[in-house]
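Have a look at the structure below before the remarks.
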Ligand SMILES: Nc1ncnc2c1ncn2[C@@H]1O[C@H](COP(=O)(O)OP(=O)(O)O)[C@@H](O)[C@H]1O
Ligand SMILES: [Mg+2]
């Protein structure tokens, strides 16, 4: 199985008044094509810095070193900012916890989806609109035509999240980076969005780097899981293996903190079965 992404020995330092914070220390991982890797760990363990650094988004003073950073066979470690910008909207889609961060509040949602297409794919408004509508349907937006003309604040939280997922898929990326995309949602909505991501993955064959602090979410969405603590990966493996037989006390504590692991694992199984059957 080929890897879409390979990262080796990633280090991120952040100079602080009190000294240098070694926020990420020697992190290595890879993601197979069409699979989902979850980065899981407590808040502050370095998950977001790890993910965002891959696409060139570091805090202003952050210092990054990496011995290997390969995406789809390309060495992206030395990419310039314009090259990174091109990679971000196009081959790598990104979704965040807060969709309001992804959207411009003064532009309709439909227009924003179209802009992504016009910028990265082709200056063809008809095709851009058709693609946006197609994705709105795919992500389960109710009344997709009417939604296209609405502003971000006019949508509910759940619909905004779906719109952000649609926007991230506009250029048919081969990797989706999702940083706590369901953390702000209630449990029902959370399950719906996870099931949606899973079925989109089955349809489009994309890889997902999924970040969460919640092992219940990991159980529902991951193929493999990397457990992060204090800037390091301390446990790594197939999700079923890590959940069944965690080797680290830290992982055991994360599992113990989640009563709904079983429920979400059942959702995972149901979604996978529906997609394959
Ligand atoms: N812009 C920043 N400036 C200073 N420190 C930061 C910044 N972003 C993150 N950090 C620090 O780096 C560490 C890892 O942060 P982060 O990757 O956001 O953690 P996580 O996503 O796992 O919650 C934390 O100690 C955090 O306080
Ligand atoms: Mg984070």
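So which residues in the stretch 193-204 are under 14 Å from residue 160 (Cβ atoms) and free of Cβ contacts under 8 Å to residues at least 40 places away in the same chain? I'd like the intermediate steps shown before the answer.
Residues of the stretch 193-204 that are under 14 Å from residue 160 (Cβ atoms), as a first pass: 193, 196.
Result: 193, single match.
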Inset, instruction - Select, from 152, 144, the only residue that is over 24 Å from residue 203 (Cα atoms) and crowded, with 17+ Cβ neighbours inside 10 Å. - result: 152
Legend entry - Total residues in the stretch 220-263, condition within 18 Å of the chain's Cα centre (by Cα) and modelled with pLDDT under 90: 1
Legend entry - Wholly within the stretch 4-106, strands (runs of 3 or more DSSP E) carrying at least 2 residues that are closer than 27 Å to residue 205 by Cα: 19-32, 36-40, 68-71, 92-95
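In the stretch 22-45, what count of residues is obtained for those that are buried (at least 20 other Cβ atoms within 10 Å of the Cβ) and farther than 23 Å from residue 194 by Cβ? Break it down stepwise before answering.
So the first thing to find is which residues in the stretch 22-45 are buried (at least 20 other Cβ atoms within 10 Å of the Cβ), and the list is 23-24, 27, 31, 36-41, 45.
With farther than 23 Å from residue 194 by Cβ added as a condition, the list becomes 23-24, 27.
Final tally of qualifying residues: 3.
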Inset, instruction - Read through the list (1) within 20 Å of the chain's Cα centre (by Cα); (2) surrounded by fewer than 18 Cβ atoms within 10 Å (Cβ to Cβ); (3) within 16 Å of ligand 1 (Cβ to nearest atom); (4) on the phi > 0 side of the Ramachandran plot, then give the number of the only condition that residue 101 fails. - result: (4)
Legend entry - Odd one out for residue 73, checked against (1) within 16 Å of ligand 1 (Cβ to nearest atom); (2) under 19 Å from residue 208 (Cα atoms): (1)
Legend entry - Members of the stretch 24-52 found to be under 17 Å from residue 67 (Cα atoms) and more than 17 Å from the chain's Cα centre (by Cα), listed by number: 24, 25, 26, 27, 28
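The values are calculated or read from the model by the stated rules, or taken from the named source; none is laboratory data. Source: prediction; values computed, not measured. Every residue, glycine among them, receives a Cβ derived from its backbone with ideal geometry; neighbour counts consider all protein chains shown.
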